[in-house]
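So the structure is just underneath, and the comments pick up after that.
Read the figures in this text as sums done on the coordinates, not as results from a lab. From a predicted model like this one, the values you see are computed outputs, not experimental measurements. Virtual Cβ from ideal backbone geometry, glycine too; neighbours counted across all protein chains shown.
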């Protein structure tokens with residue numbers, strides 16, 4: 001994960017029950033923040049660009065919550081409305097894009113973990129939709145697939161199963 005930067009003017013300081021601690025990244029789907037859950041654990045909070053239709057978002061969020069937590073950052077919560085967001089487990093560690101080349105036994109673990117994570121997403125009836133090296137975080141325990149929580153909600157997206 002990138003370094004945590006201070007919040008910028010206009011950034012939320014809280015969303016629902018989650019306190020926003022810092023800015024992590026910005027991408028095509030939205031802005032990613034480091035947050036804190038009511039129980040004190042760190043979470044990743046993705047605020048989506050634009051307004052997502054409530055029924056469609058609710059169905060996708062529910063499917064994302066059903067993804068088995070093996071080799072993924074599980075979706076913990078979601079809300080939609082004027083501000084729509086998805087909360088997932090925070091994974092401490094660089095992305096595959098940041099880490100660069102992986103070799104030896106680490107390459108095998110990376111391949112197995114990534115395939116396991118994507119298979120779990122697909123079993124829940126979702127597709128990642130934007131899978132790339134920055135979608136794999138090299139956590140302390142295992143590589144984890146991230147960013148699938150709102151698969152299929154971006155511009156021009158079709159059904160939840162469309163995409164990668």
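Please arrange 23, 80 by counting, for each residue, the other beta carbons lying within 10 Å of its beta carbon, fewest first. Walk me through the intermediate numbers first.
Values: 23 18, 80 21.
Starting with the residue having the fewest Cβ neighbours, the order is 23, 80.
To the nearest 0.05, how large is the calculated FRET efficiency for residue 56 and residue 25 if R₀ is 35 Å and r is the Cβ-Cβ distance?
Efficiency for this residue pair is about 0.90.
Among 46, 132, which comes first, then next, by fewest other beta-carbon atoms within 10 Å?
On the way: 46 24, 132 12.
Starting with the residue having the fewest Cβ neighbours, the order is 132, 46.
Give me the three principal axis extents of the chain from the C-alpha atoms, as integers in angstrom, largest value leading.
Ordered largest first, the chain gives principal extents of 46, 36, 28 Å.
Calculate, in nm to one decimal, what residue 140 and residue 66 gain on full extension: separation in residues at 0.36 nm each, minus their alpha carbon distance.
Numbers: separation 74, 0.36 × 74 = 26.64 nm, distance 2.34 nm.
Length difference between fully extended and current span is 24.3 nm.
In nm, to one decimal, how far is the residue 92 label point from the residue 8 one, both placed 7 Å along Cα→Cβ?
Placing both labels 7 Å beyond Cα along the Cβ direction yields 2.7 nm.
If packing is taken as the average count of other Cβ atoms within 10 Å, what order do 135-148, 3-16 fall into, highest mean first?
Numbers: 135-148: 21.5, 3-16: 11.1.
Highest to lowest by the protection proxy: 135-148, 3-16.
Using 0.36 nm times the number of residues separating residue 122 and residue 107, minus their current alpha carbon distance, what extension gain do you get? Each step should come with its number before you reach the end.
Working: separation 15, 0.36 × 15 = 5.40 nm, distance 2.24 nm.
Additional length available on full extension: 3.2 nm.
Based on other C-beta atoms within 10 Å, arrange 106, 128 from fewest to most.
Values: 106 13, 128 20.
Lowest to highest Cβ neighbour count: 106, 128.
Rounded, prolate or oblate: which fits the range 21-74 when a ≥ b ≥ c are the square roots of the eigenvalues of the alpha-carbon gyration tensor, with rounded for a/c under 1.5 and prolate only if a/b beats b/c?
Details: a/c = 1.75, a/b = 1.11, b/c = 1.57.
It comes out oblate by the Cα gyration axes.
Looking at the chain as a GNM with Cα springs under 10 Å, which of 117, 28, 93 has the largest mean-square fluctuation?
Of 117, 28, 93, the most mobile in the Gaussian network model is 28.
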